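Take a look at the structure set out below.
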Amino acid sequence: MAERPSARQAVALLTGSFAEHAPPPRSSAPDGPLSWEGYGASRARAADRTGEAESVVYGTADVGGRSCVVLAFEFGFLGGSLGERAGDRLEAAYRLARERRVPLVSLVATGGSRMQEGMVALTQLQRVARESVLLREAGVPHLAVLRDPATGGGWATVGAGADVILALPGAQVGFAGSRVRPADADPAAYTAEGQLAAGHVDAVVRPEELRGTVTRWLTALTSPAPEVPPPAALSPTPLPATGWDAVRQARDPARPRAEAYLDAYFTDRLPLVGDRCGGTDPGTPCGIGLRPDGRSVVYVAQCGTATRPAGYRTAARVIRLADRLGLPVLTLVDTPGAANDAEAERAGAGAAIADAFTAVAGARVPVTTLLIGEGGSGGALALAAPSRTWATPDSYFSVIAPELAAAILKRPPEEAPRTAEQLHLRPQDLLDLGLIRGIV
């Protein structure tokens, strides 16, 4: 097995300007509270082997022209484990980022809490959780990079508690370390790639690309656009003459979709993946985009498919992140409606839609919406901003699809076009009703 990079080698992947800070003083002896036999000797050997006095180093740095605080775990020091003195350093790093109002970048490589310090070691997770809360309340972003391994409490607090989570290829990532997980457990679930597929990691990044990727993220997280005008329409389609024309235009397979609008609106995009509950929805891409002026906007887009519960939960998570960091939001609405199959119901469709509604309603940052295709019922409205929604000419918004409305009214299928007319779902109808601000 190849030797794991040290904490300082990991820092060197990001920056050449790291200035280490001294840990806060502590009067007690470093041998721990349990008088664990041999613990002092183990610490001494770890210090000799690594050149470090603890499993965490931290300090200030410049990454791609952005000032930040960097903390890094030294896995060679007792498996990067968390003890009381490591907790001191973690707390100090979070506090330094908060006081200087600069992003925190955490390079995580840990096996978990230090057994030789017992419950005192485990309670360091509570200290980290408290500092994480204070960092969020201050609106300071936290980006974590998961190295190998990122397990136990270090993953469940420093790693999984970050706003943006990147991972190195093949890294072991999971709450359970390799020696304590079930013997029949699927090993793929405990990898960076497996965590990405499950929506717990935003991207897997090769070491040689890490500095550039983190630089892009730091720019995106700290450069909010002052306003978000709606994108221009990408289709020359005229306004529909009838309600049924509106439905047919919105359902045209050749109509521009969300990806085309995002590509036209942004010069760079960084994805935020998954609902952090084990689910992803490829039909609802979310992330942060950079405009041509270098300013950033959080985006949530529907791609014309029925939106899954994971899509709504991801959208809600991302909108709340934008609100904490003061980043404006753009939503692109295009869905026939929320997924309504049995799997979606078991996954909590109603609760997920409610979460999206409340995230939009509670946002203090500007939220701008462009209806670019189908606006199917509450599944579309959940991501639409009240009083800040625009529509393209090839779109419609309806309380329910015309075919379903006809069925509910016990009309034959051929009555769907007449029902569409009665629903007043064309863009110009929505404007007359005061439901949208304008047609782009």
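Can you name every residue in segment 118-155 that is more than 26 Å from residue 219 (Cα to Cα) and of a type in the set (A, V, I, L, M, F, W, C)?
119, 120, 121, 122, 125
Could you list, in sequence order, the residues of segment 396-434 that are hydroxyl-bearing (Ser, Thr, Tyr) and either under 27 Å from residue 351 (Cβ atoms) or touching an Asp or Glu at 6+ places or on another chain (Cβ under 7 Å) (or both)?
Hits for segment 396-434 are 396, 398.
Say whether the condition of being free of Cβ contacts under 8 Å to residues at least 60 places away in the same chain, surrounded by 20 or more Cβ atoms within 10 Å (Cβ to Cβ), of a type in the set (Phe, Trp, Tyr) and assigned by TED's automatic domain parsing to the domain that holds residue 125 is met by at least one residue in segment 72-83.
So far as segment 72-83 goes, yes, one or more of its residues are free of Cβ contacts under 8 Å to residues at least 60 places away in the same chain, surrounded by 20 or more Cβ atoms within 10 Å (Cβ to Cβ), of a type in the set (Phe, Trp, Tyr) and assigned by TED's automatic domain parsing to the domain that holds residue 125.
Given the conditions (1) in the same structural domain as residue 300 (by TED's automatic domain parsing); (2) loosely packed, with under 15 Cβ neighbours inside 10 Å; (3) of a type outside the set (A, V, I, L, M, F, W, C), which single one is not true for residue 212?
The one condition residue 212 does not meet is (1).
So, of the residues in segment 326-371 that are part of a loop (DSSP other than H, G, I, E, B) and in contact with a helix residue (DSSP H, G or I) (Cβ under 6 Å, 6 or more places away or on another chain), which turns out to be surrounded by the fewest Cβ atoms within 10 Å (Cβ to Cβ)?
364
What are the residues in segment 331-367 that are under 25 Å from residue 135 (Cα atoms) and of a type in the set (A, V, I, L, M), if any?
Hits for segment 331-367 are 356, 359, 360, 361, 363, 365, 367.
From the list 286, 277, pick out the single residue that is at pLDDT 95 or above, of a type outside the set (Phe, Trp, Tyr) and either crowded, with 18+ Cβ neighbours inside 10 Å or in the same structural domain as residue 388 (by TED's automatic domain parsing) (or both). Walk me through it before giving the result.
On the way: 277 fails: at pLDDT 95 or above.
Of 286, 277, the one residue that is at pLDDT 95 or above, of a type outside the set (Phe, Trp, Tyr) and either crowded, with 18+ Cβ neighbours inside 10 Å or in the same structural domain as residue 388 (by TED's automatic domain parsing) (or both) is 286.
Checking residue 317 against (1) in a helix (DSSP H, G or I); (2) touching a Pro at 6+ places or on another chain (Cβ under 7 Å); (3) of a type outside the set (A, V, I, L, M, F, W, C), which test does it fail?
With respect to (1) in a helix (DSSP H, G or I); (2) touching a Pro at 6+ places or on another chain (Cβ under 7 Å); (3) of a type outside the set (A, V, I, L, M, F, W, C), residue 317 is out only on (2).
So which residues in segment 388-403 are surrounded by fewer than 17 Cβ atoms within 10 Å (Cβ to Cβ) and either among the hydrophobic types (A, V, I, L, M, F, W, C) or in contact (Cβ under 8 Å) with a residue 60 or more places away in the chain (or both)?
399, the sole residue that qualifies.
Which ones in segment 129-152 are crowded, with 17+ Cβ neighbours inside 10 Å, more than 20 Å from the chain's Cα centre (by Cα) and on the phi < 0 side of the Ramachandran plot?
Selection gives 148, 149.
Considering each of 162, 150, 183, 176 in turn, give the residue that is at pLDDT 95 or above and not in a helix (DSSP H, G or I).
On inspection, the qualifying residue turns out to be 162.
Residue 62 versus (1) part of a loop (DSSP other than H, G, I, E, B); (2) closer than 23 Å to residue 158 by Cβ: which is the lone unmet condition?
Of everything listed in (1) part of a loop (DSSP other than H, G, I, E, B); (2) closer than 23 Å to residue 158 by Cβ, residue 62 misses just condition (1).
Residue by residue, here is whether (1) of a type in the set (Phe, Trp, Tyr); (2) under 23 Å from residue 92 (Cα atoms); (3) in a loop (DSSP other than H, G, I, E, B); (4) at pLDDT 90 or above holds:
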position	(1), (2), (3), (4)
13	no, yes, no, yes
17	no, yes, yes, yes
25	no, yes, yes, no
30	no, yes, yes, no
37	no, no, yes, no
42	no, no, no, yes
46	no, yes, no, yes
53	no, yes, yes, yes
69	no, yes, no, yes
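Give me a count of the residues in segment 16-30 that are exposed (fewer than 15 other Cβ atoms within 10 Å of the Cβ) and either touching a residue at least 24 places away in the same chain (Cβ under 8 Å) or more than 28 Å from the chain's Cα centre (by Cα) (or both).
10
Condition check: surrounded by 18 or more Cβ atoms within 10 Å (Cβ to Cβ) and touching a helix residue (DSSP H, G or I) at 6+ places or on another chain (Cβ under 9 Å). Does residue 246 satisfy that?
Spelling it out, residue 246 is indeed surrounded by 18 or more Cβ atoms within 10 Å (Cβ to Cβ) and touching a helix residue (DSSP H, G or I) at 6+ places or on another chain (Cβ under 9 Å).
Could you please find all residues in segment 199-242 being touching a helix residue (DSSP H, G or I) at 6+ places or on another chain (Cβ under 8 Å), within 24 Å of residue 261 (Cβ to Cβ) and assigned to a helix (DSSP H, G or I)?
221
The values are calculated or read from the model by the stated rules, or taken from the named source; none is laboratory data. For clarity, every value in this text was computed on a predicted model and none was experimentally measured. FYI the Cβ positions are ideal-geometry reconstructions off the backbone, even for glycines, and counts take in every protein chain you see.
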